[in-house]
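For reference, the structure is listed below as structure tokens.
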Amino acid sequence: MQRAMRCLGIDMNTATAAVMISTVLITCYNLSYSTVTALIDRYFSASVRINSEDTLFRDFFTWLSEEQAADLDLSRTLNARKVASDPANPDNSGGGGHLGDEFYGGRHRPRGKQVYRVQYLPAAGSRYFLDYRGRKVRIIMEEIKDSIMMHGMPQRKIVWLRSYGRDPGILKELLEEVLRKSNARDQGKTVVFHATTGPRGIPPRWERALSRPNRSMETVVLEREQKELIVSDIEEYILPATAKWYANRGLPYRRGYLLYGPPGTGKTSLSIALAGLFNLEVYALSLSAGSLTDDTLATLFTMLPSRCIVLLEDVDASNVKRAADPPTSFGLLNAIDGAASREGRILIMTTNHRERLDPALIRPGRVDLQISFKCASRNVIESLFLNLYDVDVGDQEAFRMPEGFPSADKILELAGEFGRVLPEGVFTPAEIQGLLLMHKKDPVAAVGAAGEWAREKRAEKGMEGEGEEKVEVNGVTPGPGKGVMEGGEPEEICLLDGAGEIV
């Protein structure tokens with residue numbers, strides 16, 4: 001090396017000194033830059049921190065991937081993931097991007113083909129600038145290295161938004177736009193969150209699972225008085241005056257319902273329809289999850305918003321337990337109405353086996369209204385038929401209904417005949433829906449097949465028709481011959497749901 005440098009006329013000592021001086025200068029520059037940058041960030045900038053546990057974190061990156069794709073593409077460090085694109089429900093596409101309904105890769109979408117796209121998001125440790133309304137906003141992604149987050153499991157993340165100048169107004173405007181976009185995206189939809197209780201110390205949290213168009217209560221097949229009962233009860237509960245009324249009397253502002261009955265009778269469908277009617281988010285939790293403990297359950301309940309529907313499914317299958325105790329519902333009871341439990345939410349519990357529940361779980365104060373779901377009555381059977389075959393000219397063309405499809409008057413006549421053929425109180429709405437879907441373009445064939453189908457199903461069940469059950473209010477079983485609840489007196493009401501959806 002020395003000989004080569006001599007041949008090139010380079011003095012070794014001079015070169016060494018130059019390298020050392022350069023290193024010192026670069027080090028000084030880096031230190032100076034870091035120091036100056038830190039001082040500017042501390043004293044001459046405004047910042048906002050968003051934690052990954054907050055739903056705003058997801059909303060921000062959805063907005064970023066959709067609205068600021070060009071700026072994001074300039075970043076040199078990105079995370080990429082494959083997400084599904086569903087034109088019928090863009091929210092389920094993983095939070096961004098839009099593909100045409102008709103074309104895929106320059107060609108018509110293959111029939112039944114799931115279409116995917118690449119979504120880019122900032123990687124942890126990345127820093128870059130976003131041009132927002134003529135101002136530079138610096139975005140910094142960080143990971144929190146918690147001691148409990150070990151063995152390669154995902155880390156919690158933080159995003160910092162920083163603007164230069166002491167006024168945070170531009171950051172507030174940005175986040176307000178993020179929320180406006182999020183609200184517009186969810187307009188007319190019911191958003192469902194599911195609880196995640198990951199292993200190895202990952203904190204429990206609520207994750208947005210899906211959103212779906214609001215389901216009209218008109219499509220939930222109930223007797224009118226039955227539907228009005230639960231709707232009016234919730235409608236009164238969510239009035240601003242009701243919260244004040246509870247507070248003035250020292251009562252906890254909560255409302256609880258128990259929906260019980262066989263699978264397929266529409267318990268979950270009713271819950272989702274109620275959420276859409278009152279524009280409430282649904283936070284769904286299955287108590288049969290093996291990783292659920294008293295602590296995780298308490299944490300999940302403390303993270304609930306003040307106005308929402310908490311849907312606890314299959315409460316009879318609860319595995320809630322304390323580490324040193326046998327299985328118990330103590331944690332569930334404390335989460336529902338303990339001293340630290342949040343007020344304002346609506347609790348809906350569902351079960352297929354009410355007789356298995358701890359009486360303490362459904363006592364008055366925790367459950368205010370118990371509603372029995374039974375097999376379909378004649379009115380429900382006819383309503384299911386009408387709901388499926390109520391098609392207009394556009395539907396007939398879109399679904400290629402055969403020529404000679406019955407008129408509305410004929411459909412009404414066939415519904416009555418269908419209700420007379422099928423025995424009431426024997427089949428669930430989901431079972432009847434299955435029969436109708438086998439003949440979804442031919443109502444006459446559905447009526448013709450109903451008799452034989454009923455005989456086969458009854459033979460499989462080995463059962464006769466069942467009678468109606470009653471609504472229980474505050475743990476009291478009403479007497480016979482009653483109508484609508486007035487003055488605190490229990491009334492006889494059998495809530496039968498023929499929702500057009502298998503649940």
Review point. What is the spin-label model distance, in nm, from Asp131 to Arg356 if the labels are put 7 Å beyond Cα along the C-beta direction?
Key: 6.1 nm
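Mind giving me the FRET efficiency for Ser407 and Arg378? R0 is 22 Å, r the Cβ-Cβ distance, nearest 0.05 is fine.
Details: r = 23 Å, r/R0 = 1.04.
After rounding, the FRET efficiency stands at 0.45.
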Review point. Got a sec to turn the phi values of region 232-245 into Karplus ³J(HN,Hα) couplings, 6.51 cos²θ - 1.76 cosθ + 1.60 with θ = phi - 60°, whole Hz, x for Gly and Pro?
Key: 5, 5, 5, 4, 6, 5, 8, 5, x, 5, 5, 4, 5, 4
Review point. Can you run phi through the Karplus equation (6.51, -1.76, 1.60; θ = phi - 60°) for region 375-383 and list ³J(HN,Hα) in whole Hz, with x for Gly and Pro?
Key: 5, 5, 7, 5, 4, 5, 4, 5, 5
Exercise for review: For region 378-461, calculate the relative contact order in percent as a whole number, restricting contacts to Cα pairs under 8 Å that are 6 or more residues apart.
Suggested key: 39 percent
Review point. What is the distance in Å between the Cα centres of region 351-365 and region 174-191?
Key: 37 Å
Practice item. For region 306-448, build the charge dipole from Cβ charges (+1 Lys, Arg; -1 Asp, Glu) around the Cα centre, then report which of Ala376, Ala445, Ala398 sits farthest towards its positive end. Key: Ala376
Exercise for review: Report, please, the projected area of region 378-461 averaged over directions, based on the convex hull of its C-alpha atoms, in nm².
Suggested key: 5.1 nm²
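Once you have the Kirkwood Rh of region 192-273 from its Cα pairs, apply Stokes-Einstein at 37 °C and 0.692 mPa s and quote D in µm²/s. Show your work: numbers first, answer last.
On the way: Rh = 16.0 Å.
The calculation lands on 205 µm²/s.
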Review point. At what distance in nm do the modelled label points of Trp245 and Tyr164 sit from each other, each positioned 7 Å from its Cα along Cα→Cβ?
Key: 5.8 nm
Revision key, fill the gap. Residue-ordered couplings for region 161-166, obtained by feeding phi - 60° into the Karplus form 6.51 cos²θ - 1.76 cosθ + 1.60 and rounding to whole Hz (Gly and Pro as x), are 10, 9, 10, 8, x, 7
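Laboratory data are not the source of any read-out in this text; all were calculated from the coordinates shown. Remember, predicted model here, so these are calculated numbers, not experimental data. All Cβ positions, glycine included, derive from the backbone under ideal geometry; neighbour counts span all protein chains shown.
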